[in-house]
1. I need the full set of residues from region 193-217 which are part of a loop (DSSP other than H, G, I, E, B), closer than 20 Å to S337 by Cα and in contact (Cβ under 8 Å) with a residue 12 or more places away in the chain, in order please.
2. Between a residue in region 391-402 that is within 17 Å of V338 (Cβ to Cβ) and without any contact (Cβ under 8 Å) to a residue 60 or more places away in the chain and any residue that is surrounded by fewer than 15 Cβ atoms within 10 Å (Cβ to Cβ) and of a type in the set (S, T, N, Q), which pairs come within a Cβ distance under 9 Å, given they are 6 or more apart or on different chains?
3. Given the conditions (1) over 20 Å from I171 (Cβ atoms); (2) in contact (Cβ under 8 Å) with a residue 12 or more places away in the chain; (3) in a helix (DSSP H, G or I), report the number of the one that K116 does not fulfil.
4. Restricting attention to region 115-131, report how many residues are modelled with pLDDT under 80, touching a Gly at 6+ places or on another chain (Cβ under 6 Å), at negative phi and surrounded by fewer than 18 Cβ atoms within 10 Å (Cβ to Cβ).
5. Would you confirm, using the coordinates I've provided, whether L190 is part of a helix (DSSP H, G or I) and modelled with pLDDT under 80?
6. Take the conditions out of contact with any Phe, Trp or Tyr (no Cβ under 6 Å at 6 or more places or on another chain), outside any loop (DSSP other than H, G, I, E, B) and surrounded by 15 or more Cβ atoms within 10 Å (Cβ to Cβ) and apply them to L251. Does it pass?
7. Does L326 fit the bill of being among the hydrophobic types (A, V, I, L, M, F, W, C) and touching a His at 6+ places or on another chain (Cβ under 7 Å)?
8. Of the numbered conditions (1) under 26 Å from the mean Cα position of the chain (by Cα); (2) touching a residue at least 40 places away in the same chain (Cβ under 8 Å), F264 fails exactly one; give the number of that condition.
Amino acid sequence: MLYEDLIYLWLGFIIYEFIPITTFKISLSLLFFIFIIKEIFFVSFVIGIRKKILQVYFNIAPILEKFLIGLIFIFYIIDLSFLNLKLYLEKVYFSSFIAILWFLHYIFIIKFFFFKFTFNYLKILLGIIFPVLMLVIIQDIFNILDLSFQGDIFLFLFLIILFSPFLMIKIWPVKPLDDIELKYTISEFLEKNKVKINQIYVLGNLGKKLYTAGIIGFLPPFKYLFFSKPLLDILSPEEILGVVAHEIGHLKKRHNLWLLLLLFNLPLFLLTTFILIFLIIYSFYPDFIQIIKNKETLPFEAELVLGIMLIFLSFIYIRYIFAFFLRQFEREADLYSVFILKSSQPIISALFKIGEITGQLYKKSWHHYGIFERIEFLNKVLFDIENFNKIKRRFTKIRLILIFWIILNLMIILGSLYFQEILEKLICLFSCDI
């Protein structure tokens, strides 16, 4: 659930960055009135759908969830473009993050009415995006004080990555694990596998039951293990250790660093695709360069098409490229759990319980593989040593593919320097305020 919401937030950010500012003139008082009416309509519409749907279905069908998310994006685009929200936010400092918070309020309305998530769930999402907000605030404070220096963004990014888990824990609705016996069992298991953490936490009530666990952080003083309470309620100590072993797998294999690299590669991917499209157009229509040079602004329709294209490319990257590597890392963590415990039973049993109680045992998952798929994989590998070694080599190849992917993006970008002047003109036409 958190993965989907984070993807929606990221796409909301991409939409804000690339959607053009319209020239429609609306007075501030009229704009405020329209926003109030629109908000009332949105909430009333959502409540109306909920009443009709729940009279027939007790569970929300996946197709309805996709419809509601699509509805959120439609309203968000209307706000930014036709209701001039982006125009007003551009005058406010840190405007992109205000826009993200605005997008987040739509998500929370849907979660509250359809999935019974509480304010605590919103705090989790805020905790995840807060480090990024801090990065921008710190950088802009340095710019205001004229303390900027070359490479400062990398230093700030490094510090935020190190200390952000501490900030997240402070915002999240968590409390230390109070089961002394279980805490000792987990701590002893972590120590045995040479994993140092600061504290073990339990997520508070989120409304809808969420079955999840994880380790966040890079340095031991700011590294934390957390469980959702519903997960602890249904699993035995042995199954909990299976989950912990899975999380240790993520940690030992440095999946967090690889995923950060994938996320940072998204802008490279967008720029690479943009360059390739430009080169294709140029190869068929060389006069395109002169047209771009002579234009001061792009037509609204062209800006809109470019914005939609980049949003679509961002979705493709996250849904298929990012998700591919995410699934492989999840599978590798499952395998590492078996390796640590010398048995597949704890993780298989934990997965089976989660699948049964959530009703998602046979449901496909774009980012983790389906639960039953993961169980089948573990059963198959356990009794086939040759296949086990083959899969381990495959994980090494996956990392090489990721490195090659990033290098390829960089080579295309560097190779496009011949068209640097034109590309800068295109980017400015698309994103600069005229």
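1. So the first thing to find is which residues in region 193-217 are part of a loop (DSSP other than H, G, I, E, B), and the list is 193-198, 204-212, 217.
Those left that are additionally closer than 20 Å to S337 by Cα: 193-197, 211-212, 217.
Result: N193, V195, K196, I197, Y211, T212, G217.
2. none
3. So the condition that K116 fails would be (3).
4. 1
5. Values: part of a helix (DSSP H, G or I): yes; modelled with pLDDT under 80: no.
No, not satisfied.
6. Working: out of contact with any Phe, Trp or Tyr (no Cβ under 6 Å at 6 or more places or on another chain): yes; outside any loop (DSSP other than H, G, I, E, B): yes; surrounded by 15 or more Cβ atoms within 10 Å (Cβ to Cβ): yes.
So L251 fits the description; yes.
7. On the way: among the hydrophobic types (A, V, I, L, M, F, W, C): yes; touching a His at 6+ places or on another chain (Cβ under 7 Å): yes.
Taking the combined requirement at face value, the residue satisfies it.
8. Of (1) under 26 Å from the mean Cα position of the chain (by Cα); (2) touching a residue at least 40 places away in the same chain (Cβ under 8 Å), only one is false for F264: (2).
The values are calculated or read from the model by the stated rules, or taken from the named source; none is laboratory data. Nothing here was measured: the structure is a model prediction, and the numbers come from that model. Don't worry about glycine lacking a Cβ; one is built from the backbone with ideal geometry, like all the others, and counts go over all protein chains shown.
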